[in-house]
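The values are calculated or read from the model by the stated rules, or taken from the named source; none is laboratory data. Remember, it's a predicted structure, so these values are computed and weren't measured experimentally. A quick note on method: Cβ atoms are made from the backbone with ideal geometry, for glycine too, and the neighbour counts reach across all protein chains shown.
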Amino acid sequence: MAFMMRMSWFFKLRWKVYLVAILAMIADFSIVLIPPLIMGDLVDMVNYGTLTQALLMKNVMLLVGIALVAYALVLIWVNVLFSNAMQAELMIRSKLIRRLILMTPSFFQRNSRGDLMAQATNDIRAVNMAAGFGVMTLVHTVVGCVLVLTMMIIYVDYRLMLAALIPMPFLALAIRKLGMAMRNRFVAAQQAFGSLNDQTLESISGIRVIRSYVQESYDVEAFRKVAEDTMHKNVRVSIIHALFHPVISLLVGLSFSIGLGVGSYMMYLEIITLGQFVTFNIFLGMLIWPMIAFGEFMNVMQRGSASADRIHTTLVQQPDVVDVASPITGVIPHTINFNHMSFRYPEASMDSLVDIEVYIERGQTLGVVGRTGSGKSTLLKQLLRQYPITTNSLLIGGVSIEQIALNQINEWMGYVPQEYLLLSKTIRDNIRLGKLTATTEEVDNAVRMASLSMDIAQMKEGLETMIGENGLMLSGGQKQRVGIARALLVDPEILILDDALSAVDARTESAILHNIRHERHGRTTIIATHRLSAVSHADWIIVLDDGRIVEEGTHDQLIFLGGWYKEQYERQQIEASLL
């Protein structure tokens, strides 16, 4: 079975636990087969007039003892089996989040956030059900049918048993057809749930824009359509699920009718006794749950198999960038060299960077400027190793970046992106994200360097202020400065500011840059920006256009050159003076 194959790693790891649960279930089912025999004997004793008070009390006490033992066995296997299923859920969820953390940006371009959330919630719960409830129903079906049929043959009559089981092949066929339909419809329902998650995330994250353009009605209507599609596909799943019990009940009822008719005839011919006939009917009634369990098993397993396949598809995907087998150690980032680098995004039709050649020495500041879409952010992301690049096109400390361990590169970098990410925690927790062991003095120093001290002083709770989801309580400039403080706290070898000062005023920008120059003496800084005053102090400035370097030099050299940089700088100076 597909689910068993997908989850074989877990069953091999936890087989001892499953063995305990299965043995307890077998013992439980075996012991509950004794009461029908006792009932049959009692009926024959009554029929033949041989029942005494002592025999009655003995059998009643035996039935009570069996009930207590069965209760203890059920308690054991339920706890063991379903706690094991929860362990499977925990392990799969941990594997999934570890895989997602390792993935590079191209993975998230191929997979929607809503679908990944559906896998982390509904799909994992479906696997949990299959690993727990599914195993239970499988054991009950197999063990229950084998034991009950064996008891029918030994203690009643095999001919009566065969007659009563005539409808069973039709039951197996119906279950197979329903199971296949359940799998297909459940996959469609899970995909619709992923789309619903996407729509919900977009609506919540973009609520301000939606309101500002008075598009609430349109957004509600779009959500309604996605929600209705999800509902209809789940209703289709429910219809198939609802068909399981009626089909099983119909065929089991037919089996009862055949057993009742044939059994009465055999009792009339004195082939079996009244007690045996009563015992047979009790056994036949005990077959109802295994048959229902078989239907539930197929239902749960089809869902679990579909969900396990979806999760497996995510887990087998590999990041585009991985460590080499033997990374070079002991590298010192005293130089950064873009060596005629060209780069194209996966599935793109043209290069985003073309023949970039830049050399930076440790302690220098590089400014990267250019029009919107010129490739500034793309250039900086190469230092983060988010995409595969050509060998020897980017060297750090004279070593090709792909020969250096990813963890080592991450330790060197302090990255402040354009799109800030803040957690629904306090300002202190957000700043300490990259260095959880930071002292109060270190946090205060990072806050001061980011020119955030005065803002925090005006907050009632100070650094303990809860900022809401993604910094809801902060202004755009405060959010950027929290991100800058977070990077400065780590005191990285290479600080990358990707248009990270766009939301602060010129005075605050000047103060932050002054603090960075003063505090980070001897460490490398790379600044990409649209505001040219932010890089006028840089040791070297490059101007990008369509992924190519069209101008480069110091601030004074570029002004003297009289190209795009000079034109843009003078325009910004005039705008600043007017403001």
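Can you list the helices (runs of 4 or more DSSP H) found entirely within the stretch 129-216 that contain at least 1 residues being touching a Lys or Arg at 6+ places or on another chain (Cβ under 7 Å) and crowded, with 19+ Cβ neighbours inside 10 Å?
Numbers: elements: 135-155, 158-164, 168-205, 207-212.
Output list reads 168-205.
Can you confirm whether the stretch 463-470 contains a residue that is surrounded by fewer than 22 Cβ atoms within 10 Å (Cβ to Cβ), out of contact with any strand residue (DSSP E or B) (no Cβ under 8 Å at 6 or more places or on another chain) and assigned to a helix (DSSP H, G or I)? Outline the logic, then answer.
Within the stretch 463-470, the first condition is being surrounded by fewer than 22 Cβ atoms within 10 Å (Cβ to Cβ), and the residues that meet it are 463-470.
Next cut, out of contact with any strand residue (DSSP E or B) (no Cβ under 8 Å at 6 or more places or on another chain) only: 468-470.
So of that shortlist, the ones also assigned to a helix (DSSP H, G or I) come out as none.
The answer is no, given that none of the residues of the stretch 463-470 is surrounded by fewer than 22 Cβ atoms within 10 Å (Cβ to Cβ), out of contact with any strand residue (DSSP E or B) (no Cβ under 8 Å at 6 or more places or on another chain) and assigned to a helix (DSSP H, G or I).
Looking at (1) surrounded by 14 or more Cβ atoms within 10 Å (Cβ to Cβ); (2) closer than 22 Å to PHE186 by Cβ, find the lone condition where THR121 falls short.
(1)
Kindly indicate the residue of the stretch 485-500 that is aliphatic (A, V, I, L, M) and in contact with a Lys or Arg (Cβ under 7 Å, 6 or more places away or on another chain) and also surrounded by the most Cβ atoms within 10 Å (Cβ to Cβ) among those meeting that condition.
Kept after step one, since they are aliphatic (A, V, I, L, M), are these residues of the stretch 485-500: 485, 487-490, 494-497, 500.
Of the ones still in play, those that are also in contact with a Lys or Arg (Cβ under 7 Å, 6 or more places away or on another chain) are 489-490, 495.
Values: LEU489: 22, VAL490: 19, LEU495: 24.
Step by step, filter the stretch 485-500, then rank; the result is LEU495.
For the stretch 501-530, what are the residues that are over 21 Å from TYR359 (Cα atoms), of a type in the set (D, E, K, R) and buried (at least 19 other Cβ atoms within 10 Å of the Cβ)?
GLU509
Report those helices (runs of 4 or more DSSP H) wholly inside the stretch 482-579 carrying at least 3 residues which are within 30 Å of ARG344 (Cβ to Cβ). Show your work before the answer.
Values: elements: 506-519, 555-561, 564-578.
Fully inside the stretch 482-579 and qualifying: 564-578.
Going by the conditions given, is ASN84 surrounded by 13 or more Cβ atoms within 10 Å (Cβ to Cβ) and out of contact with any Leu (no Cβ under 8 Å at 6 or more places or on another chain)?
Numbers: surrounded by 13 or more Cβ atoms within 10 Å (Cβ to Cβ): yes; out of contact with any Leu (no Cβ under 8 Å at 6 or more places or on another chain): yes.
The answer is yes for ASN84.
It is to be established whether one or more residues within the stretch 223-234 are touching a helix residue (DSSP H, G or I) at 6+ places or on another chain (Cβ under 6 Å), part of a helix (DSSP H, G or I) and within 30 Å of ALA27 (Cβ to Cβ).
Within the stretch 223-234, not a single residue is touching a helix residue (DSSP H, G or I) at 6+ places or on another chain (Cβ under 6 Å), part of a helix (DSSP H, G or I) and within 30 Å of ALA27 (Cβ to Cβ).
Every residue in the stretch 446-455 that is surrounded by fewer than 19 Cβ atoms within 10 Å (Cβ to Cβ) and either without any contact (Cβ under 8 Å) to a residue 12 or more places away in the chain or outside any helix (DSSP H, G or I) (or both), please.
The answer is SER453, MET454.
Identify the residue in the stretch 197-228 that is more than 20 Å from ASN111 (Cβ to Cβ) and in contact (Cβ under 8 Å) with a residue 24 or more places away in the chain and, among all such residues, is nearest to the chain's Cα centre (by Cα).
Checked the stretch 197-228; the qualifying residue nearest to the chain's Cα centre (by Cα) is ALA227.
Anything in the stretch 412-432 that is free of Cβ contacts under 8 Å to residues at least 60 places away in the same chain, assigned to a helix (DSSP H, G or I) and more than 16 Å from GLY468 (Cα to Cα)? List them, or say none.
Selection gives ARG432 alone.
For the stretch 419-428, enumerate the residues that are buried (at least 17 other Cβ atoms within 10 Å of the Cβ) and either within 19 Å of ILE516 (Cβ to Cβ) or within 25 Å of the chain's Cα centre (by Cα) (or both).
TYR420, LEU422
I need a count of the residues in the stretch 235-276 that are within 28 Å of ALA188 (Cα to Cα) and outside any helix (DSSP H, G or I).
0
Is at least one residue of the stretch 395-411 touching a Leu at 6+ places or on another chain (Cβ under 6 Å) and modelled with pLDDT of 90 or more? Can you show your working first?
Step one: filter the stretch 395-411 for residues touching a Leu at 6+ places or on another chain (Cβ under 6 Å), giving 401.
Narrowing further to those that are modelled with pLDDT of 90 or more: 401.
Yes, the stretch 395-411 has at least one match.
Answer yes or no as to whether ASP556 is charged (D, E, K, R) and in contact with a helix residue (DSSP H, G or I) (Cβ under 9 Å, 6 or more places away or on another chain).
Details: charged (D, E, K, R): yes; in contact with a helix residue (DSSP H, G or I) (Cβ under 9 Å, 6 or more places away or on another chain): no.
Criteria not met by ASP556.
Tally the residues that are over 15 Å from ILE92 (Cβ atoms), touching a helix residue (DSSP H, G or I) at 6+ places or on another chain (Cβ under 8 Å) and among the hydrophobic types (A, V, I, L, M, F, W, C), restricting the search to the stretch 7-28.
8
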